[in-house]
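Q: Here's a structure for you.
The values are calculated or read from the model by the stated rules, or taken from the named source; none is laboratory data. On a predicted model such as this, the values are computed, not experimentally measured, just so you know. We place every Cβ from the backbone using ideal geometry, glycine too, and count neighbours over all the protein chains shown. Accessible surface areas use protein heavy atoms only, side chains included; no ligands, DNA or RNA. Shrake-Rupley method; radii C 1.70, N 1.55, O 1.52, S 1.80 Å.
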Amino acid sequence: MKLNGIAASPGIAIGRAYLISEEPYCVIKRNIGESQIKKEISRFRKAIQTVDIDFKKQKERVSTEMGKTYAKLFNAYGLILKDPLFYKDTIKVITEERVNVEYALQTVIDRITKTFSMLDDEYMRDRIRDVQDVANRVMRVLLGQEKVSLKEIHNRVALVAHALHPSDAVEIKKENVIGFVMDAGGKTSHIVIMAESLEIPAVVGLKRVTREISPGDLIIIDGNEGVVYINPETEILKEYRQRKRKQAKLRKQLIALRDKPAVTKCGEKVELNVNIEDSSEASVVRQYGASGVGLYRTEFFYLNKSDLPGEEEIYKNLKSVADKIFPAKITVRTIDIGAEKISTQLGAKHEGNPFMGLRGVRLCLAYPELFKTQLRGILRASEKKNIHIMYPMITGVKEIRSANLILEEVKGELDKRGIEYDRDIKVGIMVETPAAVMNIENLAKEVDFFSIGTNDLIQYSLAVDRTSGAVSYLYNPGSISILRMIEKIISGARESGCKVSMCGEMAGETIFTELLLGLGLRSFSMSGIAVHPVKKVIRGTSIGECEELADRVMKSGENEEIMKILKERQEKTQGKLY
Ligand code: PEP
Ligand code: MG
């Protein structure tokens, strides 16, 4: 049987299924007397404390084993425990309805789940799973039931679960878990970010995989295509075993590329940078032999926090990355989130369509103090002149000018305080809206560089929500409309002498590497794991061949035909990379 899901983490795994089915618990309603209310509340508080201590311990472990970004997820878990919707409401149900704590907690979980699942926002729906994970922990402590521990797994198995949580991921040992598949999960699930960091193949969003697989079944997890085979036929198994061997061999060869330059056969140099989300990831630059950091998504610094970070905290964070990779350069993108993500701190209202709402540079211009604090931190960290600033979600000249005015104001403040910083700090923008593309020549006059954000450019141009599974078939970087935009950005930048790079996911997909080179792109930024495969393609091609390919693709103009041309070319020159 073959099931299709979402490709969450690349690679192929073949092995026996290990089903994680948590024993369902049964919650009984007990009516209690006035005198018992105190006791039930005290049981609840103790359970919360136990779980809180557990989270703190796990946070420390994750921090040492996987890095600070992932450890931060436990801050979010800690916040859920203290959230009034969760904490106060459970106490309220105990007191007002005079019921036992387990029943009160279940009532509150059901209420939260119902409210969140009505929201038309995949990110928020993923957050329900976090709330459920936390509530589940508290409930099991109350019921005295041990949680199934993934640490107990000693054979090399493929995990099959309805939903895994970040707290489970900590217990996954790479030696024992060859991959995992889940019924639930979308592209923004925390567990997906973790799977990539662990480099374990994973497919999520399979809906009914736990109902189709029995313990011990042989399964193939294809994390490249988002496909799972259950008890596959001999032919398919043979094919995948071959692919897996090839993938292992290729990975070994690819590691050898780390210290080799990204230069084409004809001698054209290409810049390969990495995207990072946390300062602890700065080491990725050396690990994968990249030129520097092409995109630091600073918004993660603002999430899961009860208070907004101050200038000093921002400065220290950026300085640690800048120093670590010096003399390599880092492009720091200013906050790129919707107001709703930090609404508690800003007092902002919920928006029906946050991707088109008060986010990115709009948020910064609406809350200048928030923006200024970040700019102060960035400028102070720029002393060694290896930091660039980049504004996200730009739609017009005015936004750049307004942002730059604030930047100048902040520079003036630092001058008054006698603080050193890079006075000629380079300022660029993300080109990720159709409005920016259509006015590229004028925008070029305002900035030092562009970075093409294909993730949003595709979303806004093709009118396709980048987080939606239902319309993901329309999300196509190889669409002629997108390619024409990319061509326009590159030529517009070149004519104006403005540097141009690409930091959207497309930059790390090898099927597009030669095409992008053929369209004139010479600077790419991607997740660390993509650097070696892209470098391999670059070293095996020449600009002449790439231009010829780009010519064919652009002349064809048909989406299906384009992908056919690119796939044929990829098979001919690259084979299967994984
Ligand atoms: C993009 O939009 O392509 C991009 C790189 O930014 P993000 O994915 O953070 O929106
Ligand atoms: Mg973007």
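Q: Do you know which of the residues in the range 22-39 that are of a type in the set (A, V, I, L, M, F, W, C) and at pLDDT 80 or above is most open to solvent (accessible area, probe 1.4 Å)? First the steps, then the outcome.
A: Within the range 22-39, the subset of a type in the set (A, V, I, L, M, F, W, C) is 26-28, 32, 37.
Filter again for at pLDDT 80 or above, leaving 27-28, 32, 37.
Numbers: V27: 38, I28: 113, I32: 14, I37: 18 Å².
Out of the qualifying residues, it is I28.
Q: A further question on this structure: Is it true that some residue in the range 448-455 is more than 13 Å from ligand 1 (Cβ to nearest atom), modelled with pLDDT of 95 or more and not in a strand (DSSP E or B)?
A: Yes: the range 448-455 contains one or more residues that are more than 13 Å from ligand 1 (Cβ to nearest atom), modelled with pLDDT of 95 or more and not in a strand (DSSP E or B).
Q: Still on this structure, I have one more. Scanning for something more than 30 Å from K329 (Cα to Cα) and in contact with an Asp or Glu (Cβ under 6 Å, 6 or more places away or on another chain), does the range 540-553 turn up at least one residue?
A: yes
A quick yes/no check of all residues on (1) part of a strand (DSSP E or B); (2) aromatic (F, W, Y); (3) open to solvent by less than 70 Å² (accessible area, probe 1.4 Å):
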residue	(1), (2), (3)
A8	yes, no, yes
G15	yes, no, yes
F44	no, yes, yes
K57	no, no, no
T90	no, no, yes
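Q: Being modelled with pLDDT of 95 or more, touching a Cys at 6+ places or on another chain (Cβ under 8 Å) and within 16 Å of ligand 2 (Cβ to nearest atom), is that true of even one residue in the range 486-502?
A: The answer is no, given that none of the residues of the range 486-502 is modelled with pLDDT of 95 or more, touching a Cys at 6+ places or on another chain (Cβ under 8 Å) and within 16 Å of ligand 2 (Cβ to nearest atom).
Q: Also: So V447 ticks every box in (1) open to solvent by less than 40 Å² (accessible area, probe 1.4 Å); (2) over 15 Å from K372 (Cβ atoms); (3) touching a Ser or Thr at 6+ places or on another chain (Cβ under 7 Å); (4) more than 14 Å from ligand 2 (Cβ to nearest atom) but one. Which box is left unticked?
A: Going through (1) open to solvent by less than 40 Å² (accessible area, probe 1.4 Å); (2) over 15 Å from K372 (Cβ atoms); (3) touching a Ser or Thr at 6+ places or on another chain (Cβ under 7 Å); (4) more than 14 Å from ligand 2 (Cβ to nearest atom) one by one, V447 breaks only (3).
Q: Same structure again: What do you reckon, is E281 more than 16 Å from ligand 2 (Cβ to nearest atom), in a helix (DSSP H, G or I) and acidic (D, E)? So that I can check it myself, show each step before the final result.
A: Working: more than 16 Å from ligand 2 (Cβ to nearest atom): yes; in a helix (DSSP H, G or I): yes; acidic (D, E): yes.
Yes, satisfied.
Q: To continue, here is another question. Identify, from the list L254, L272, the residue that is touching a His at 6+ places or on another chain (Cβ under 9 Å) and open to solvent by less than 20 Å² (accessible area, probe 1.4 Å).
A: Numbers: L272 fails: touching a His at 6+ places or on another chain (Cβ under 9 Å).
None of the others qualify; the one that does is L254.
Q: I need every pair where a residue in the range 459-477 that is at negative phi and part of a helix (DSSP H, G or I) has its Cβ under 8 Å from the Cβ of a residue that is more than 11 Å from ligand 1 (Cβ to nearest atom) and of a type in the set (G, A, S), sequence separation at least 6 or different chains.
A: S461/S481
Q: Does V427 meet the test of being within 16 Å of ligand 2 (Cβ to nearest atom), in contact with a strand residue (DSSP E or B) (Cβ under 9 Å, 6 or more places away or on another chain) and closer than 29 Å to S382 by Cα?
A: Numbers: within 16 Å of ligand 2 (Cβ to nearest atom): no; in contact with a strand residue (DSSP E or B) (Cβ under 9 Å, 6 or more places away or on another chain): yes; closer than 29 Å to S382 by Cα: yes.
Taking the combined requirement at face value, the residue does not satisfy it.
Q: Next question. So if I check each of I14, I109, which one is within 30 Å of Y473 (Cβ to Cβ) and not acidic (D, E)? So that I can check it myself, show each step before the final result.
A: Details: I109 fails: within 30 Å of Y473 (Cβ to Cβ).
From the options I14, I109, the qualifying one is I14.
Q: Any idea which of (1) closer than 25 Å to A8 by Cα; (2) out of contact with any Pro (no Cβ under 7 Å at 6 or more places or on another chain); (3) modelled with pLDDT of 95 or more; (4) within 16 Å of ligand 2 (Cβ to nearest atom) is the one S461 doesn't satisfy?
A: Of everything listed in (1) closer than 25 Å to A8 by Cα; (2) out of contact with any Pro (no Cβ under 7 Å at 6 or more places or on another chain); (3) modelled with pLDDT of 95 or more; (4) within 16 Å of ligand 2 (Cβ to nearest atom), S461 misses just condition (2).
Q: Another question about this same structure. Quick one: L483 ticks every box in (1) open to solvent by 30 Å² or more (accessible area, probe 1.4 Å); (2) more than 16 Å from ligand 2 (Cβ to nearest atom); (3) in a helix (DSSP H, G or I) bar one, so which box is it?
A: Just one mismatch for L483, condition (1).
Q: Just give me the residues in the range 553-562 being open to solvent by less than 100 Å² (accessible area, probe 1.4 Å) and modelled with pLDDT under 95, in sequence order. Reasoning before the result, please.
A: Filtering the range 553-562 down to residues open to solvent by less than 100 Å² (accessible area, probe 1.4 Å) leaves 553-554, 556-557, 559, 561-562.
The answer is S556, G557, N559.
Each row is one residue, and each column tells you yes or no for (1) within 23 Å of V274 (Cβ to Cβ); (2) of a type in the set (S, T, Y).
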site: L462; (1), (2): no, no
site: S468; (1), (2): no, yes
site: L474; (1), (2): no, no
site: G478; (1), (2): no, no
site: M485; (1), (2): no, no
site: S491; (1), (2): no, yes
site: E495; (1), (2): no, no
site: C498; (1), (2): yes, no
site: S501; (1), (2): yes, yes
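Q: Please specify each residue of the range 233-247 satisfying the condition of being open to solvent by less than 100 Å² (accessible area, probe 1.4 Å), without any contact (Cβ under 8 Å) to a residue 60 or more places away in the chain and under 23 Å from P215 (Cβ atoms). Step through it out loud before you land on a result.
A: Filtering the range 233-247 down to residues open to solvent by less than 100 Å² (accessible area, probe 1.4 Å) leaves 236-237, 239-240, 243-244, 247.
This time we only want the ones that are without any contact (Cβ under 8 Å) to a residue 60 or more places away in the chain, so: 236, 239.
If the condition is that a residue be open to solvent by less than 100 Å² (accessible area, probe 1.4 Å), without any contact (Cβ under 8 Å) to a residue 60 or more places away in the chain and under 23 Å from P215 (Cβ atoms), then I236 is the only one that fits.
Q: May I ask you to list the residues in the range 352-384 that are more than 16 Å from ligand 2 (Cβ to nearest atom), farther than 18 Å from E446 by Cβ and crowded, with 17+ Cβ neighbours inside 10 Å?
A: Keep residues of the range 352-384 that are more than 16 Å from ligand 2 (Cβ to nearest atom), which gives 352, 365-384.
Remaining after also requiring farther than 18 Å from E446 by Cβ: 352, 366-370, 372-374, 376-384.
Those that are more than 16 Å from ligand 2 (Cβ to nearest atom), farther than 18 Å from E446 by Cβ and crowded, with 17+ Cβ neighbours inside 10 Å: Y367, L370, K372, T373, Q374, R376, G377, I378, L379, R380, A381, S382.
Q: Can you confirm whether K174 is at pLDDT below 70, under 30 Å from N231 (Cβ atoms) and surrounded by fewer than 20 Cβ atoms within 10 Å (Cβ to Cβ)?
A: Answer is no for this residue.
Q: Of the residues that sit in the range 224-278 and are of a type in the set (G, A, S) and part of a loop (DSSP other than H, G, I, E, B), which one is nearest to A195 (Cα to Cα)?
A: Step one: filter the range 224-278 for residues of a type in the set (G, A, S), giving 226, 248, 256, 262, 267.
Cutting the leftovers down to part of a loop (DSSP other than H, G, I, E, B) gives us 226, 256, 262, 267.
Working: G226: 14, A256: 24, A262: 27, G267: 36 Å.
Filtering the range 224-278 for residues that are of a type in the set (G, A, S) and part of a loop (DSSP other than H, G, I, E, B), the one nearest to A195 (Cα to Cα) comes out as G226.
Q: Please determine whether any residue of the range 478-500 is of a type in the set (S, T, Y), within 21 Å of the chain's Cα centre (by Cα) and over 23 Å from R251 (Cα atoms). Explain how you work it out, then say what you get.
A: Kept after step one, since they are of a type in the set (S, T, Y), are these residues of the range 478-500: 479, 481, 491, 496.
Next, only the ones that are within 21 Å of the chain's Cα centre (by Cα) stay: none.
Taking every residue of the range 478-500 in turn, none turns out to be of a type in the set (S, T, Y), within 21 Å of the chain's Cα centre (by Cα) and over 23 Å from R251 (Cα atoms).
Q: Follow-up question, since we're still on this one. Output the number of residues of the range 201-243 satisfying the condition of being touching a helix residue (DSSP H, G or I) at 6+ places or on another chain (Cβ under 8 Å) and of a type in the set (D, E).
A: Selection size over the range 201-243: 1.
Q: Continuing with the same structure: Of everything in the range 385-413 that's exposed (fewer than 15 other Cβ atoms within 10 Å of the Cβ) and among the charged types (D, E, K, R), which residue is farthest from ligand 2 (Cβ to nearest atom)?
A: Only one residue fits best here, namely E413.
Q: Could you tell me which numbered condition K385 fails, if it satisfies all but one of (1) assigned to a helix (DSSP H, G or I); (2) out of contact with any helix residue (DSSP H, G or I) (no Cβ under 7 Å at 6 or more places or on another chain)?
A: (1)
Yes/no per residue for (1) out of contact with any Pro (no Cβ under 6 Å at 6 or more places or on another chain); (2) closer than 24 Å to V141 by Cα; (3) hydrophobic (A, V, I, L, M, F, W, C):
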| residue | (1), (2), (3) |
| --- | --- |
| L3 | yes, no, yes |
| A8 | yes, no, yes |
| R16 | yes, no, no |
| C26 | yes, yes, yes |
| N31 | yes, yes, no |
| S35 | yes, yes, no |
| I41 | yes, yes, yes |
